Amino acid sequence: MNAGVEVDHVLGSGAPQRVGSFRFFLNGHRWEWSDPVAAMHGYLPGQITPTTALLLSHKHPDDHPQVAAIFDKMIADGEPFSSRHRIIDTGGQVHHVIVVGDRMLDDTGAVTGTTGFYIDVTDLLAQDRRDTVDEMVAELEQSRAVIEQAKGMLMFAYSISADRAFDILTWHSQQTNTKLRVVAGKLVAAVASATLLPDAVRARFDHLLLTSHRHDHD
């Protein structure tokens, strides 16, 4: 999942250095971050490899326990999260950030880590626009929900992984110059209103639903 692409489509491209993506891999507890996220922490591109300890060391002391608890839950349970907290860069400057993370899955549906993005909202807060920040968080949460619905539809229709479904949505968004959440929302609405499954297919689905607790892969 390319979180940076998704955020660009959600928020627009007015301030690209204020938005950046990250990935965390459960295998080896390995982190990757984009250049804008590195810059938020005060590092040049490629200057340092992020680690859990390094990221926590940049959290504001008052926010450190909250973020550490989120990291622990993310690593243990692989659950989606969103957080608004402060980081302190290498120069001592405080950045107010929104961090949103979602599960990374492999082709079998197993959780392999977390992918997400940072948004630096320091300037917004400096202008006393807290309401705008709250609206931004709400929009991001709503966008994520409808995008997940659209991904699920594509996965079901084409028997593909979540990552490939997201790639299709992103490609269509770029080709049509339409925000990703709009593309996803229109697909969900269109499928819900226009798709009629044959009775045999629906009956088979009903059976799978009612017996899902007995499936071997569960």
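Taken together, the values in this text are just the output of simple stated rules run on the coordinates, not laboratory data. Values in this document were obtained by computation on a predicted structure and should not be read as measured data. Neighbour counts are summed over all protein chains in view; Cβ atoms, including those assigned to glycine, are modelled from backbone coordinates with ideal geometry.
Scanning residues 5 or more positions from Tyr43 or on other chains, none has an amide H under 5 Å from its amide H, with H placed 1.01 Å from N in the peptide plane.
3J(HN,Hα) couplings calculated from phi for region 156-171 with the Karplus curve 6.51 cos²θ - 1.76 cosθ + 1.60 (θ = phi - 60°) are, in sequence order, 5, 5, 10, 6, 10, 7, 4, 5, 5, 4, 5, 4, 5, 4, 5, 4 Hz; Gly and Pro show x.
For Met104, the residues whose amide H sits under 5 Å from its own are Thr112, Gly113, Thr114, Thr115, ignoring neighbours fewer than 5 places away on the same chain, with H placed 1.01 Å from N. For the pair His172 and Arg214 in one chain, pulling the backbone fully straight at 0.36 nm per residue adds 11.4 nm over the alpha carbon distance. Here the 3J(HN,Hα) profile of region 72-88, calculated from phi with Karplus coefficients 6.51, -1.76 and 1.60 at θ = phi - 60°, is 4, 5, 4, 6, 6, 10, x, 8, x, 8, 9, 8, 10, 8, 10, 10, 10 Hz, Gly and Pro shown as x. Taking the number of Cβ atoms within 10 Å of each Cβ as an exposure proxy, the fewest-first ranking of Val182, Val188, Val19 is Val182, Val188, Val19. Near His60, the amide H atoms lying under 5 Å from its own belong to Arg86, Ile87, Ile88; only residues 5 or more places off or on other chains count, and H is placed 1.01 Å from N. Listed values for region 95-111 are Karplus-derived 3J(HN,Hα) couplings in whole Hz (6.51 cos²θ - 1.76 cosθ + 1.60, θ = phi - 60°), namely 10, 8, 10, 10, 10, 10, x, 9, 5, 9, 10, 8, 5, 8, x, 6, 6, and x replaces Gly and Pro.
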